[in-house]
Amino acid sequence: MNSSILQVEDLYKDFGGLRALSGVSFSLREGDITALIGPNGAGKTTLFNCITGFTPVTRGKILYRGTDITNWPPHKVVRHGLARTFQVVQILDDMTVEENVMVGAFLYEKRVQGARVLARKAMEQSGIAEFRDHLAGSLPIPGKKRLEIAMALVTKPDILMLDEAMAGLTPTEFREVQELILDLKKSGVTLIVVEHVMEAIMPICDRVLVLNLGVLIAQGTAKEVAENPEVIKAYLGDKYARNR
C-alpha cells in the first residue's frame with residue numbers, strides 16, 4: 001500500500017466574512033493520481049493556493065512528508081518538491097518557450113548551459129520541445145498549458161498539482177494530456193488534478209476528492225464517488241451517473 005506523502009488537516013480559509021474552505025482533511029498517497037472535482041466556486045483553486053503558499057491558511061495544517069509546511073512561501077514550497085500549474089495560465093509571453101522553462105531550472109543549476117539541458121528534458125517530457133524557440137505568447141492554448149507543465153516539471157517535483165490542464169482542449173488534445181499524466185505517474189510523480197472534464201480524468205485517477213462550497217463532501221475511488229448521491233446532486237448529475 002502506498003504511503004502518504006501529503007496530509008491536509010482540518011483546513012479553513014476565510015476571506016473576510018466569506019469562508020472558502022471549511023474543515024478540509026485528506027491525504028495524498030505517494031504515486032497516485034488524485035482528481036479534485038466540484039462545481040465552480042467549490043474552493044478547488046483556493047485549496048491549491050493554500051497548499052502551495054500563494055494564499056495564507058486561516059486555520060489547519062499542511063504536512064509534506066511529515067514536515068509542517070503551512071503558510072510556507074511559494075519559493076520554499078517548490079524547493080521542497082511541490083510544483084503546480086494555474087487555472088489561468090501563468091507564462092512569460094515575451095520570452096521564448098525555452099527561456100520560460102529555464103527560469104525554473106535555475107533552482108538547481110546556476111550555469112546557463114546546465115539550465116538549458118534541464119529545460120530541454122522537461123520540454124521533451126511535456127511534448128513542447130519543437131516549439132522551444134517560439135515566443136511563449138504566440139502558442140495556442142494547448143501549447144501554453146503544456147509549457148506551464150514543463151515549467152513545473154523542470155523544478156523536479158515529487159508532487160505535481162495541475163489546475164484544469166485539460167480545459168478548452170479538443171478530445172484528441174485531452175487524450176494526449178491523459179497520456180502525459182499517466183507517463184508522469186510511471187516516472188514516480190504524485191499528481192493531484194483539478195478537472196471538469198470527467199470523461200478525461202475519472203478513468204485515469206486512483207482517488208477522487210469532491211469539494212462543494214468549501215466542504216469536502218466525498219472521497220474515494222472514481223466508482224465510489226460517481227455513485228455517491230450527494231456528489232451526483234451537487235456536481236455530477238444523474239446523466240453522468242447513468243452513463244457510467
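The values are calculated or read from the model by the stated rules, or taken from the named source; none is laboratory data. None of the values given here were measured: they were computed from a predicted structure. Every residue, glycine as well, gets a Cβ built from its backbone with ideal geometry; the counts of neighbours run over all protein chains shown.
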Exercise for review: Restrict the check to the range 119-136 and report whether at least one residue is under 17 Å from the mean Cα position of the chain (by Cα) and of a type in the set (Asp, Glu).
Suggested key: no
Revision key, fill the gap. Within the range 89-118, residues among the hydrophobic types (A, V, I, L, M, F, W, C) and under 26 Å from THR172 (Cα atoms) come out as VAL89, ILE91, VAL97, VAL101
Review point. What residue, among those in the range 175-210 that are of a type in the set (A, V, I, L, M, F, W, C), out of contact with any Ser or Thr (no Cβ under 8 Å at 6 or more places or on another chain) and in a helix (DSSP H, G or I), is farthest from GLY81 (Cα to Cα)?
Key: MET198
Review point. How many residues are surrounded by fewer than 20 Cβ atoms within 10 Å (Cβ to Cβ) and more than 21 Å from TYR64 (Cα to Cα) if we restrict to the range 205-217?
Key: 4
Review point. In the range 13-53, what count of residues is obtained for those that are buried (at least 20 other Cβ atoms within 10 Å of the Cβ), of a type in the set (D, E, K, R) and over 19 Å from LEU191 (Cβ atoms)?
Key: 1
Exercise for review: List the helices (runs of 4 or more DSSP H) that sit entirely inside the range 1-116 and contain at least 1 residues that are within 16 Å of the chain's Cα centre (by Cα).
Suggested key: 44-51, 74-79
Review point. Any idea how many residues of the range 46-71 are polar (S, T, N, Q) and within 18 Å of PRO157 (Cβ to Cβ)?
Key: 3
**Study point:** Search result, residues across the range 173-204 that are under 21 Å from TYR64 (Cα atoms) and hydrophobic (A, V, I, L, M, F, W, C)
**Key:** LEU184, VAL189, LEU191, ILE192, VAL193, VAL194
Exercise for review: Within the range 54-87, work out how many residues are out of contact with any strand residue (DSSP E or B) (no Cβ under 9 Å at 6 or more places or on another chain), under 26 Å from ARG146 (Cβ atoms) and either crowded, with 18+ Cβ neighbours inside 10 Å or charged (D, E, K, R) (or both).
Suggested key: 1
Review point. Is it fair to say MET102 is in the same structural domain as ALA152 (by TED's automatic domain parsing), out of contact with any Phe, Trp or Tyr (no Cβ under 7 Å at 6 or more places or on another chain) and within 25 Å of LYS76 (Cβ to Cβ)?
Key: yes
Check your understanding: Taking HIS134, is it surrounded by fewer than 18 Cβ atoms within 10 Å (Cβ to Cβ) and in the same structural domain as VAL194 (by TED's automatic domain parsing)?
Key -> no
Review point. Among the residues of the range 169-176, is any buried (at least 24 other Cβ atoms within 10 Å of the Cβ) and either closer than 19 Å to LEU36 by Cα or in contact (Cβ under 8 Å) with a residue 12 or more places away in the chain (or both)?
Key: no
Exercise for review: Kindly list, by first and then second residue, each pair from a residue in the range 40-51 that is in the same structural domain as ALA167 (by TED's automatic domain parsing) and more than 14 Å from SER22 (Cα to Cα) to a residue that is surrounded by 20 or more Cβ atoms within 10 Å (Cβ to Cβ) and β-branched (Val, Ile, Thr), limited to pairs with Cβ atoms under 6 Å and residues at least 6 apart or on different chains.
Suggested key: ILE51/ILE62
